[in-house]
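Right, one structure below, let's go through it.
The values are calculated or read from the model by the stated rules, or taken from the named source; none is laboratory data. What you see is a predicted model, and the numbers here were worked out from it, not measured in a lab. Heads up, the Cβs are rebuilt from the backbone with ideal geometry, glycines too, and the neighbour counts pull from every protein chain shown.
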Amino acid sequence: MPDTPATQTHHGERDGDATTMGHRDLLSLDDLDATTITALLEDAVALAAAWNDRDVLPSLAGRRIALVRDDGGWRNTTALALGAAELGATVVDVPVTLSGRESLADLAGYLDNWFDLIAIRSPSLSRLRELADDAEAPVINLRTTSNHPCETLGDLAHVVARRGMAGLDGLRVVAIAPEGNILGSWVEASAVLPITVTQVYPERWHVEDAPSDRFAATADLDAIDDADLLITDCWPTDATPADLLAYQVDIDLLTRLATGAHFIPCPPVTRGEEVSADAMDHSSCQVPAAKAWLLHAQNAVLRWALRTDERS
């Protein structure tokens, strides 16, 4: 493969550290260190201020981004396309799948010919890692069935915008959610950041073999009483209302939250299942405001991956 501008930019060994000249992928939050995540959140806050002033600098001008939508969903891919365009990048939807006949090494080579970065939403984290190993361009994980790192970064940026960076120290996150990609990325975050994450759910759907000693799982809803941040995810497909209705977030449960605690259900929210309709209108429910931060967090990731966050 010829040395195009894209491949010349990104030669080198990968790492998650923002201090070396390695290849920067974002595949899992626990691939990064706390310093890198903190820098991403600080940049997201700065980018949000510029966005609100309609004064976003085109720091990605001339960069070419492949956007691969290898499964459903629309929020973070739409936010990626809009945010990158505001930063001056060219974003192209690439209609490929990681589960086709073509080898990932071949696919990576073709994408490297034309793109500086690959942002992809695809079911398999292991396939995504394989693509990242083969590609010269950095690869950004927009969602797998195992994790959802940009979603969690967006929620963390929302917290930082309201509580300051010091507000992350000791942040108590409670997830009324089954094992899945949302909870998976919060577990990853707890392995790196000074936060605790508690899963509150029937034992049948508890996380197993969590790589963090700041994660715990319980079936006891009393664990929500100390939460700074309460999150939910969709009911698992093998559940019935009888299994999980006791874990529905409703007004009575939200009144138990501490003053200043936020409730951020992960969309798409099924009202009447994981969240009651009236809970979505409660003052503690911050989902529209929090999800606005997905765009800014992903913009920060793009700038970091393409090294435009580095200032002289």
* Would you mind stating whether Asp250 is at negative phi and modelled with pLDDT of 95 or more? => yes
* Considering every residue within region 181-190, establish whether at least one is more than 22 Å from Tyr247 (Cα to Cα), out of contact with any Cys (no Cβ under 9 Å at 6 or more places or on another chain), in contact (Cβ under 8 Å) with a residue 60 or more places away in the chain and buried (at least 22 other Cβ atoms within 10 Å of the Cβ). => yes
* Structure fact -> Of the residues in region 267-291, those that are among the acidic types (Asp, Glu), surrounded by fewer than 21 Cβ atoms within 10 Å (Cβ to Cβ) and closer than 23 Å to Gly180 by Cα number 1
* Applying the selection to region 87-124, what residues are farther than 28 Å from Val269 by Cα and in contact (Cβ under 8 Å) with a residue 60 or more places away in the chain? -> Leu87, Ala89, Gly109, Asp112, Asn113, Trp114, Phe115, Asp116, Leu117
* Structure fact -> Quick count over region 266-284, residues being under 20 Å from His158 (Cα atoms), more than 19 Å from the chain's Cα centre (by Cα) and either modelled with pLDDT of 95 or more or not acidic (Asp, Glu) (or both), is 5
* To do: Confirm whether Leu294 is within 15 Å of the chain's Cα centre (by Cα) and either of a type outside the set (Asp, Glu) or surrounded by 20 or more Cβ atoms within 10 Å (Cβ to Cβ) (or both).
  => yes
* To do: Please specify each residue of region 249-266 satisfying the condition of being out of contact with any Phe, Trp or Tyr (no Cβ under 8 Å at 6 or more places or on another chain), buried (at least 18 other Cβ atoms within 10 Å of the Cβ) and not aromatic (Phe, Trp, Tyr).
  => Leu253, Ala261, His262, Ile264, Pro265, Cys266
* Which residues, taken from region 59-68, are surrounded by fewer than 22 Cβ atoms within 10 Å (Cβ to Cβ) and within 21 Å of Ala292 (Cβ to Cβ)? -> Ser59, Leu67
* **Top-ranked residue in region 134-180 [being touching a His at 6+ places or on another chain (Cβ under 7 Å) and outside the structural domain of Ala81 (by TED's automatic domain parsing); ranked as surrounded by the most Cβ atoms within 10 Å (Cβ to Cβ)]** => Ala157
* Does Ala18 satisfy the condition of being buried (at least 17 other Cβ atoms within 10 Å of the Cβ), modelled with pLDDT under 95 and of a type outside the set (Ser, Thr, Tyr)? -> yes
* Structure fact -> So the helices (runs of 4 or more DSSP H) completely within region 69-179 holding 2 or more residues that are over 20 Å from the mean Cα position of the chain (by Cα) and within 30 Å of Val56 (Cα to Cα) are 104-114
* Restricting the first residue to region 225-252 and requiring it to be touching a residue at least 40 places away in the same chain (Cβ under 8 Å), which pairs with a second residue that is in a loop (DSSP other than H, G, I, E, B) and among the aliphatic types (A, V, I, L, M) meet a Cβ separation below 6 Å and a spacing of at least six or different chains? -> Ala227/Ala261; Asp228/Leu171; Asp228/Ala261; Thr232/Ala177; Asp233/Ala177
* **Boolean, Asp169 is of a type outside the set (Ser, Thr, Tyr), without any contact (Cβ under 8 Å) to a residue 12 or more places away in the chain and under 24 Å from Trp304 (Cβ atoms)** => no
* **In region 180-206, the residues that are of a type outside the set (Phe, Trp, Tyr), in contact with a Pro (Cβ under 9 Å, 6 or more places away or on another chain) and under 16 Å from Asp220 (Cα atoms)** => Gln199, Pro202, Arg204, His206
